[in-house]
Amino acid sequence: MTDAESLPPATLLAGLRCWVFDLDGTLTFPVHDFDAIRRELGIAEGRPILEELEQRPPEEARELHRRLQTLEAELATTVRPRPGCRALLESLVERDCRLGILTRNSRSNALVSLERIGVADLFDPEDVLGRDQARPKPDPDGILQLLRRWRAGPGNAVMVGDFSMDLEAGRRAGVRTIHLDPDGDCPWPELADLHVRSLEELIPPASGVS
């Protein structure tokens, strides 16, 4: 193990100023049963929901999007924060970092979820991008939008998520990627620069590194 590899994750990442987070399952405990949602919407098992809806006739797609929004709006009111969520975000704000959300959910649902877990005050709503503001992950569009808005380059940014689509979006945008992997299974090693089992591992030391 090299000296760099032996350092805590928070120390390795201390110089990064642009942080993009997935929301559902990353800042929150997961609440979505995607198989149940597929059944409700009449989508075949294993098919990506948003991509499947894009293939439907326009009128059918609009109705299915409406039903999806209703289902996910109900779920947004039930979310709970993962341990270390607010402490991590506050520590990043204290270091003048930019914080963004990139979710395959809607922006309105994301804002409800952020309120529910007590961190909405730490995000500019314009930096919360949902499926209506950016092409859905794994497309890197949302990350690139945020970097342009922040006037930042990919070398100063990181994408944090719990699923392969988050990590692939980060890879395609050219930013560092962190896999929040509570089980420690590391199923996508080729997509993640760093694996952590909790958000608490990303909280910088009290002394900070600027």
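The values are calculated or read from the model by the stated rules, or taken from the named source; none is laboratory data. Quantities reported herein were computed from a predicted structural model and do not represent experimental measurements. Every residue, glycine as well, gets a Cβ built from its backbone with ideal geometry; the counts of neighbours run over all protein chains shown.
For residues in the stretch 141-160 being touching a residue at least 24 places away in the same chain (Cβ under 8 Å) and more than 12 Å from the chain's Cα centre (by Cα), which is nearest to N109 (Cα to Cα)? First the steps, then the outcome.
Looking only at the stretch 141-160, we keep the residues that are touching a residue at least 24 places away in the same chain (Cβ under 8 Å), and these are 142-144, 146-147, 150, 152, 156-160.
Remaining after also requiring more than 12 Å from the chain's Cα centre (by Cα): 144, 146-147, 150, 152, 156-157.
Working: L144: 22, L146: 19, L147: 23, W150: 23, A152: 27, N156: 28, A157: 25 Å.
The selected residue is L146.
For R47, all conditions in the list (1) part of a loop (DSSP other than H, G, I, E, B); (2) at pLDDT 95 or above hold save one; what is the number of the exception?
(2)
Out of D22, D127, I need the residue that is assigned by TED's automatic domain parsing to the domain that holds A169, closer than 26 Å to D183 by Cβ, modelled with pLDDT of 95 or more and among the acidic types (D, E). Which one? Quick ask: steps written out before the conclusion?
On the way: D127 fails: closer than 26 Å to D183 by Cβ.
After ruling out the rest, the residue left standing is D22.
Do any residues in the stretch 30-46 that are within 20 Å of A76 (Cβ to Cβ) have Cβ atoms under 8 Å from those of residues that are charged (D, E, K, R) and in a loop (DSSP other than H, G, I, E, B), where the two are at least six apart or on different chains, and which pairs are they?
Close Cβ pairs satisfying both conditions: P30/D24; P30/D162; V31/D24; H32/D24; D35/E45; R38/E45; R38/R47.
Please go through the stretch 113-123 and give me each residue that is under 15 Å from the mean Cα position of the chain (by Cα) and either of a type in the set (S, T, N, Q) or part of a loop (DSSP other than H, G, I, E, B) (or both), ordered by number.
Within the stretch 113-123, S113, I117, V119, F123 meet the criteria.
Anything in the stretch 193-206 that is within 20 Å of T28 (Cα to Cα), surrounded by 16 or more Cβ atoms within 10 Å (Cβ to Cβ) and free of Cβ contacts under 8 Å to residues at least 60 places away in the same chain? List them, or say none.
The answer is H195, and nothing else.
So which residues in the stretch 78-112 are under 15 Å from L13 (Cβ atoms), touching a Phe, Trp or Tyr at 6+ places or on another chain (Cβ under 8 Å) and in a loop (DSSP other than H, G, I, E, B)?
C97
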